[in-house]
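**Q** Have a look at this one.
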Ligand code: ATP
Ligand code: MG
């Protein structure tokens, strides 16, 4: 799609040799490889007007201004970038002064958001090396090496080395449209390799979320992890337990709601990362044969919907991730004598509150998630008015989809899903026939009949009178 790109990829050796020429990178120099505009396929046409506006305003005010990160990586891969990150030598306060529509956000990592309608451009000041003596109050590390704050300003080269992967450290210079490659990112793009900059174990200790990013980009870009980047993950995985639940919630959405959920899930399980995010779900998957399949089916459906540009909700996904531990817990409570409805309530409550210690789930998702679960107990009750009440429930559709997944995963025998499919498609006459069928089938009628009988029983002398 991008003119010249194939040529660019087809002759990497040749091109890179010329880029590595002595005039660009003399021996011993750590300077960037500068790829002039005619030698790369990244064009201003790939960038949004808002991104260009920010770049030019910074440039015209005498600052350096570069696009960096995912947008350059994705452009080089021939994908249209979806959002834009700008790096500059202007400080957050200087950026604020240039853009009225901007605000400084973040404490751990201060950046400026410049807003144009619905689009937000993230502008960051070049980061320098942390742990400089003068910088204690702006850069902070825990005893384990976790970077608590990273707000030491530096130059572009230092900034590049603070970034996570080589392919994310490519800078597009608005001054001459060249690309600056500080860490062999172009080579790694050509080899479809994700490689952490610096010593991988140290970089994971600084920020364990980089492990999740590695998996996310591997799945999204169809890249493989460089062996040295891959090796420490297994041992470093428990470091994720230090990450605040709110940040992990954001990351989990990016992992599962970006269109490659199934592949991402497999990689997370493979690297022992999933169990750090959803410990009880992971455990349940070892014990219940259908549990993993249920999550895969939910992710397949999410991925499909994203491809078709249909809406997706985290509530459904979380419902499927946590359903197996809820079912395990409910079974225990029922074995202790609790009736099914309160048992499900209590089990949901317990599983959710334990999960919240790892990943925060905002109420706007956890409430519908619990509706989806509660409705699983109502879907089998198909008599009279109840059916129509269930059908009218705002979460009916999600609950019905969830029921189909449970049948598909082999948790429950198929049949009920088909009945509801038929019921939804039926006209009034046909609906009555379907309801009659349930009446004739004792398995379908289930609990309500028993209850009604029970209610009539305790008729004492008072009612005789
Ligand atoms: P995408 O936006 O497609 O998810 P991205 O690479 O642009 O991918 P962002 O989260 O937008 O990811 O971050 C922008 C850039 O900031 C990254 O490309 C990387 O250079 C840097 N970055 C982000 N998170 C980290 C991190 N945890 N550690 C080091 N660098 C990071
Ligand atoms: Mg980005």
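The values are calculated or read from the model by the stated rules, or taken from the named source; none is laboratory data. Computed from a prediction, not measured in an experiment: that's the story for all the values here. Positions of Cβ are generated from backbone atoms using ideal geometry, with glycine treated the same way; all protein chains shown enter the neighbour counts.
**Q** Which condition from (1) more than 16 Å from ligand 2 (Cβ to nearest atom); (2) modelled with pLDDT of 90 or more; (3) more than 18 Å from residue 184 (Cβ to Cβ); (4) surrounded by 15 or more Cβ atoms within 10 Å (Cβ to Cβ) is the one that residue 48 breaks?
**A** Only one criterion is unmet by residue 48, namely (1).
**Q** Hey, another quick one. Any residue in the range 88-104 that is buried (at least 20 other Cβ atoms within 10 Å of the Cβ) and under 30 Å from residue 224 (Cβ atoms)?
**A** The answer is no; no qualifying residue exists.
Table: residues versus (1) more than 13 Å from ligand 2 (Cβ to nearest atom); (2) in contact with a strand residue (DSSP E or B) (Cβ under 7 Å, 6 or more places away or on another chain); (3) at pLDDT 95 or above; (4) closer than 28 Å to residue 184 by Cβ.
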{"residue": "64", "(1), (2), (3), (4)": "yes, yes, yes, yes"}
{"residue": "68", "(1), (2), (3), (4)": "no, yes, yes, yes"}
{"residue": "72", "(1), (2), (3), (4)": "no, yes, yes, yes"}
{"residue": "79", "(1), (2), (3), (4)": "no, no, no, yes"}
{"residue": "120", "(1), (2), (3), (4)": "no, yes, yes, no"}
{"residue": "134", "(1), (2), (3), (4)": "yes, no, no, no"}
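**Q** Let me ask another. Regarding residue 176, is this residue within 15 Å of ligand 1 (Cβ to nearest atom), outside the structural domain of residue 274 (by TED's automatic domain parsing), in contact (Cβ under 8 Å) with a residue 24 or more places away in the chain and within 26 Å of residue 65 (Cβ to Cβ)?
**A** Numbers: within 15 Å of ligand 1 (Cβ to nearest atom): no; outside the structural domain of residue 274 (by TED's automatic domain parsing): yes; in contact (Cβ under 8 Å) with a residue 24 or more places away in the chain: yes; within 26 Å of residue 65 (Cβ to Cβ): yes.
Judged against the criteria, residue 176 is not a match.
**Q** Right, something else. Hey, among 86, 68, 123, 112, which residue is more than 11 Å from ligand 1 (Cβ to nearest atom), within 20 Å of residue 166 (Cα to Cα) and in contact with a helix residue (DSSP H, G or I) (Cβ under 9 Å, 6 or more places away or on another chain)?
**A** When all the criteria are applied, what remains is 123.
**Q** Take residue 249 and decide whether it is under 17 Å from the mean Cα position of the chain (by Cα), part of a helix (DSSP H, G or I), within 16 Å of ligand 2 (Cβ to nearest atom) and outside the structural domain of residue 83 (by TED's automatic domain parsing).
**A** Criteria not met by residue 249.
**Q** Do you know which residues across the range 201-229 are in contact with a strand residue (DSSP E or B) (Cβ under 9 Å, 6 or more places away or on another chain) and either assigned to a loop (DSSP other than H, G, I, E, B) or without any contact (Cβ under 8 Å) to a residue 24 or more places away in the chain (or both)?
**A** Matches in the range 201-229: 207, 223, 226.
**Q** Can we say residue 105 is within 16 Å of ligand 2 (Cβ to nearest atom), under 20 Å from residue 247 (Cα atoms), in contact with a helix residue (DSSP H, G or I) (Cβ under 9 Å, 6 or more places away or on another chain) and free of Cβ contacts under 8 Å to residues at least 40 places away in the same chain?
**A** In short, no.
**Q** Could you tell me whether the range 138-146 includes any residue that is loosely packed, with under 14 Cβ neighbours inside 10 Å, at pLDDT 90 or above and either within 16 Å of ligand 1 (Cβ to nearest atom) or under 30 Å from residue 258 (Cβ atoms) (or both)?
**A** No, every residue in the range 138-146 fails to be loosely packed, with under 14 Cβ neighbours inside 10 Å, at pLDDT 90 or above and either within 16 Å of ligand 1 (Cβ to nearest atom) or under 30 Å from residue 258 (Cβ atoms) (or both).
**Q** Please work out if residue 189 is within 16 Å of ligand 2 (Cβ to nearest atom), modelled with pLDDT of 95 or more and assigned to a strand (DSSP E or B).
**A** Details: within 16 Å of ligand 2 (Cβ to nearest atom): yes; modelled with pLDDT of 95 or more: yes; assigned to a strand (DSSP E or B): no.
Criteria not met by residue 189.
**Q** Let me ask another. With the structure loaded, tell me whether residue 234 is over 22 Å from residue 361 (Cβ atoms) and not in a helix (DSSP H, G or I) or whether it fails that test.
**A** no
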